[in-house]
Amino acid sequence: MKLTHRFPPHIRSRENNVTVMGDAVLALLPLYFMACFFYGPRAAALGILSVLVCFVSDLLCQKLAGRKIGVIDLSPVVTGLIIPLLLPASIPYSIVVVADLFAILVIKQPFGGLGQNIFNPAAGGLAFVTITWPNLVFRYTAPFEKLPLFGEITARLVASPAYQLKMGGIPYRDFTDMLFGNFPGPMGATNILVLATCLIFLVVRKSANGKAALAFLGTVTVFAFVFPRIDGARLQSVFYELCSGILLFGVVFFLNDPATSPKREASKIIYAAIAGAVTMLYRYFGGFEEGMVFAILLMNAFAWGIDMCCEQWISRERRKRLEKKSEKL
Amino acid sequence: MKKSLKNYREAMSRTRGIFAQNPVLIGGLALPIAIMGTTSLMNAVALSIAAFATIVPLMLVASTAGKYIPLNLRRTCYVLLAAAILCGVSYPIGKISPGIFDSLGIYYSLMAVNTILLYRTETYAHHASPLAAVVDGLRNSLGFSLVICVMAILREVVGKGTLWGRPVQTAIVLPSVLLPFFGFIFLGMCCAGAKGLSHLMKSRLIRDKLRGNMQGE
Amino acid sequence: MIHYFSKGIVLEQNKEPALSRELAEFLDPSMPPKYRTGETGDISSVGPEKLIAIAKEAGIVDETDGQPLFEKLEKARYNKVQTLVADAIDDEPYISSQLCPSFQLTDQLIGGVELAQKIIGAQKSCIAIYRDIYGVGIKIPEKLGEIPIERISGTYPAEYRSKTIYQSRSTAVIGSCALIHLYRAVYEKRCQTTCFVTVAGDCVATPQNLEASIGMTVQQLLDHCGLSFEPKRVVVGGSMTGYAITDTKSTKITPMTRGIVAFREDFDEMNYTCIGCGRCAQVCPEGLSPYYIYKFVTARRYAMLRNFDINLCIGCGTCSYICPAKLDISSVIMRGKQEYENYLQDQLRRRQKDSAQ
């Protein structure tokens, strides 16, 4: 009998890296389905191009760094799927490619690749594209308009409710329209109900932390309630703040990104609460109508620090508790 | 292959300050000027002239008269002298383009407190002969100018689509390349590239040496 | 869902069919049973000190921690404990070497508990059994005889948790197999020459609990139960905390071997890297951060481990179990404990040398 020696434990759970990333991919596919429903096949074409560019550049970088590629990992696929969902459907293909290349070649691979990156690659790519071409990124088409697959876009471009809120106006939209995504906005971030379902799916699969999501949404609600942008109508203001822009999308996919968020549960909750406050500040006082990507990048820089502080505090409490217990004995 | 190792060492020591110990890429000196002064080629050339004009005379002054100035006044003297030199050099620099001082902003005046100047005068010039100090100053300024000009060419072509004010054919124009954040990222990539190149050369040399040892010279 | 707010994981126990099968004897014919000398007569008139002497002569070893039983009884008697807990918690998957004898040799266990209670002078006694065992063929009753059964709830690792629950001057925890051997030593005058071992795994043809002689090799036990496939890994001990052995013919069983598990599949080498998901930090039962400790130990940055309480790690293996990248986190942390100790000694020595100069 030829027996191998392994370290304990000798049974392992059935999850592995591929299934964890596969959960995120599964959560993104319904959003693509809805985007194709509203905006035609151009959404799917953007997604496929983005995934191809991300995958190939990631593979090239890993070969350059001399790493052995054991199994195909799905993390550049997740980045590639997220980036077009936060851009309008009328965006030219070259901009998506630039965002992808920036995300993988500047934000992800130079810091160490999978699991070692400090900043969220999709958020970084989007931030770069937002700064460079703000007029292209924030002009959306209305849903159910025919968009050609290649060539010039001749459809009418309108502003989203986030822009109207920033200008001090009231976006007059039907309640059900807002929930089902029937309003101009980023391709994947308008479908509120589908996003809520994806959040519940990821919480059940333990890829997302429900308490952190609640902390974030709670902070945003309190902010919007106490300082409403629509004068006089607090509940309406809360509703529009939660549904406009990429807030809910950021909660589901950016806040729970494995490599860039803190690891302890207590730190995740603090991180989410502060991120909520920073996002609202960017919305109120920032230069662009939606500053969530910048808020996420800023909080990513502090994730390690929050973790260390929480660790120090928790270990101090634990040592005090153990001392008291040993005194009692 | 002892000969190639010796050649490498000699080449490195001869180009100390340009390739070997580049003040910006390896030493990490004068970083804000390398990030903000490289938005166009005219700015870069102006700053290189300013660098040559301040560093070289001051290395001479530091190696000859630096010992006689008391410690707490030494740096202030150098900075005042550099500021005076900059006032003088501003006349030929103004000839490059009419709006050059507007686009340079504060970074022209910051050359007076250039960290290359402060670092090299304190650590090298005091115990070196005047000739060696001047040569060192020339080398460091040359290294600094090379890095700045290369970065400026790339950033201007990609960011504005012009070169020295004249438009150039480019495939894509990314205006955000001129913002400070991209300067930081690009400088980091240049540092990584320089380290990678030197690592590559050293590993090639070691591989050749081992191969030579195994074959039995 | 009940365990949403507590730390730790719920493991699939897989204790059938070994649990319901009858306890079989597998004795080495070359090792005859030993009998103790001593007086016969009415046991109820024998005093506690004599009973402890009987336990010492019979050489009974407690299977949970390896201490001789007479030492434990003496210490419990000296501390005047009030409650005696018979430990029949089998919280590791595949292992049922304490549960099966408890339900099949019930009167021996009850007798042993009563004897131990009499020796220690405790007021109450109970039997502790793990709560989260689903899908077993037997129903776990409320009482065994007159002794109540206390269900230890919660996630894995329950055995360690029970030790901390019961860790006080007025409770003593003794393994149930040791109590069965105590009963036999007192009433049937038999010394401990056997121990209870579970042989299980997906390669074994008839997984069952065996009462095997101490000193038999693992190969003999595996042959007795029959191997339907060629195993790739054989584990001695628990499936979460045991040792993988490579030579079955020379490894012998001891009273602390609770089980032998033979697995058909080996882990594939997938070369996964850590993705920083943080699942290890979420499930650690002690509340540590295995992610950071693993990172610092592999990078040898021991100075950063100051706040991480690496000495509190109990080696349960929960972090390695749940890691999606299949890293050996808990064994690296165990190794890191020793290296951190060396590092601290080094620092101390250096500081003393500096201050002496």
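The values are calculated or read from the model by the stated rules, or taken from the named source; none is laboratory data. The model shown is predicted, which means the values in this text are computed figures rather than measured ones. Neighbour counts run over all protein chains shown; Cβ positions are idealised from the backbone, glycine included. For accessibility, only protein heavy atoms count, side chains too; no ligands or nucleic acids. Shrake-Rupley method; radii C 1.70, N 1.55, O 1.52, S 1.80 Å.
Observations, loosely collected:
So that you can scan it fast, the table gives a plain yes or no per residue for (1) under 19 Å from A:ILE296 (Cβ atoms); (2) among the hydroxyl-bearing types (Ser, Thr, Tyr); (3) within 14 Å of chain C (Cβ to nearest Cβ):
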{"site": "A:ILE83", "(1), (2), (3)": "yes, no, no"}
{"site": "A:LEU86", "(1), (2), (3)": "yes, no, no"}
{"site": "A:LYS108", "(1), (2), (3)": "yes, no, yes"}
{"site": "A:GLY113", "(1), (2), (3)": "no, no, yes"}
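- Test result for B:CYS149, over 22 Å from A:VAL129 (Cα atoms), touching a residue at least 24 places away in the same chain (Cβ under 8 Å) and more than 14 Å from chain A (Cβ to nearest Cβ): yes
- Selected residue (only one of C:VAL261, C:VAL234 is in contact with a helix residue (DSSP H, G or I) (Cβ under 8 Å, 6 or more places away or on another chain) and open to solvent by less than 60 Å² (accessible area, probe 1.4 Å)): C:VAL234
- Residue match in region C:313-320 (condition: over 23 Å from C:GLU12 (Cα atoms), open to solvent by less than 20 Å² (accessible area, probe 1.4 Å) and either not in a loop (DSSP other than H, G, I, E, B) or not aliphatic (A, V, I, L, M) (or both)): no
- Residue that is within 20 Å of A:ILE296 (Cα to Cα) and away from chain B (no Cβ under 14 Å), where the choices are A:ALA142, A:ALA155, A:ALA196, A:ALA127: A:ALA196
- Listed by position, the helices (runs of 4 or more DSSP H) enclosed by region A:80-185 that each have at least 2 residues that are in contact (Cβ under 8 Å) with a residue 60 or more places away in the chain and either open to solvent by less than 10 Å² (accessible area, probe 1.4 Å) or touching an Asp or Glu at 6+ places or on another chain (Cβ under 8 Å) (or both) are A:121-132, A:161-166.
- The number of residues in region C:219-231 that are touching a residue at least 12 places away in the same chain (Cβ under 8 Å) and surrounded by fewer than 15 Cβ atoms within 10 Å (Cβ to Cβ) comes to 4.
- Filtered by the rule that a residue be in a helix (DSSP H, G or I) and either in contact with a Pro (Cβ under 7 Å, 6 or more places away or on another chain) or at the interface with another protein chain (Cβ under 7 Å from one of its Cβ atoms) (or both), region A:1-18 gives a lone residue, A:ASN17.
- Positions within region B:181-198 being open to solvent by 60 Å² or more (accessible area, probe 1.4 Å) and either more than 9 Å from chain A (Cβ to nearest Cβ) or assigned to a strand (DSSP E or B) (or both), in sequence order: B:PHE184, B:LYS195, B:LEU197
- With respect to being in contact with a helix residue (DSSP H, G or I) (Cβ under 8 Å, 6 or more places away or on another chain), at pLDDT below 90 and open to solvent by 10 Å² or more (accessible area, probe 1.4 Å), B:ILE69 fits the description.
- Residue list for region C:237-256, restricted to those being open to solvent by 60 Å² or more (accessible area, probe 1.4 Å) and of a type outside the set (Ser, Thr, Tyr): C:ASP247, C:LYS249, C:LYS252, C:MET256
- Hits in region C:159-193 (condition: under 26 Å from C:ARG233 (Cβ atoms) and either touching a Ser or Thr at 6+ places or on another chain (Cβ under 7 Å) or not acidic (Asp, Glu) (or both)): C:TYR160, C:CYS177
- Residues that are of a type outside the set (D, E, K, R) and crowded, with 18+ Cβ neighbours inside 10 Å were ranked within region A:297-329; the one that is nearest to the other protein chains (Cβ to nearest Cβ) is A:SER315.
- Residue in region A:20-42 that is assigned to a helix (DSSP H, G or I), within 14 Å of chain C (Cβ to nearest Cβ) and in contact with an Asp or Glu (Cβ under 7 Å, 6 or more places away or on another chain) present: yes
- Residue match in region B:16-30 (condition: closer than 30 Å to B:VAL168 by Cβ, in a helix (DSSP H, G or I) and in contact with a Ser or Thr (Cβ under 8 Å, 6 or more places away or on another chain)): no
- Helices (runs of 4 or more DSSP H) (entirely within region C:21-115) containing at least 3 residues that are surrounded by fewer than 17 Cβ atoms within 10 Å (Cβ to Cβ): C:48-58, C:69-79
- Of residues in region A:259-274 being assigned to a helix (DSSP H, G or I) and open to solvent by less than 10 Å² (accessible area, probe 1.4 Å), the one farthest from the other protein chains (Cβ to nearest Cβ): A:ALA272
- With respect to the conditions (1) surrounded by 23 or more Cβ atoms within 10 Å (Cβ to Cβ); (2) away from chain C (no Cβ under 13 Å), A:GLY66 lacks only one, and its number is (1).
- All of (1) in contact (Cβ under 8 Å) with a residue 12 or more places away in the chain; (2) outside any loop (DSSP other than H, G, I, E, B); (3) more than 7 Å from chain A (Cβ to nearest Cβ) hold for C:GLN282 with one exception: (3).
- Residue identified as among the aliphatic types (A, V, I, L, M), open to solvent by 20 Å² or more (accessible area, probe 1.4 Å), touching a residue at least 12 places away in the same chain (Cβ under 8 Å) and away from chain C (no Cβ under 14 Å) among A:LEU248, A:LEU235: A:LEU248
- Selection from region C:321-357 of residues that are loosely packed, with under 14 Cβ neighbours inside 10 Å and of a type in the set (S, T, N, Q): C:GLN338, C:ASN342, C:GLN345, C:GLN347, C:GLN352, C:SER355, C:GLN357
- Region A:275-294: number of residues that are assigned to a helix (DSSP H, G or I) and free of Cβ contacts under 8 Å to residues at least 40 places away in the same chain: 4
- Options A:PHE294, A:PHE288, A:PHE227; residue that is away from every other protein chain (no Cβ under 14 Å) and open to solvent by 30 Å² or more (accessible area, probe 1.4 Å): A:PHE227
- Taken as a whole, region C:230-246 holds no residue that is in a loop (DSSP other than H, G, I, E, B), more than 9 Å from chain A (Cβ to nearest Cβ) and modelled with pLDDT of 85 or more.
- Qualifying residue in region C:190-209 (condition: in contact with a strand residue (DSSP E or B) (Cβ under 6 Å, 6 or more places away or on another chain), within 11 Å of another protein chain (Cβ to nearest Cβ), open to solvent by 40 Å² or more (accessible area, probe 1.4 Å) and closer than 27 Å to C:PRO285 by Cα): no
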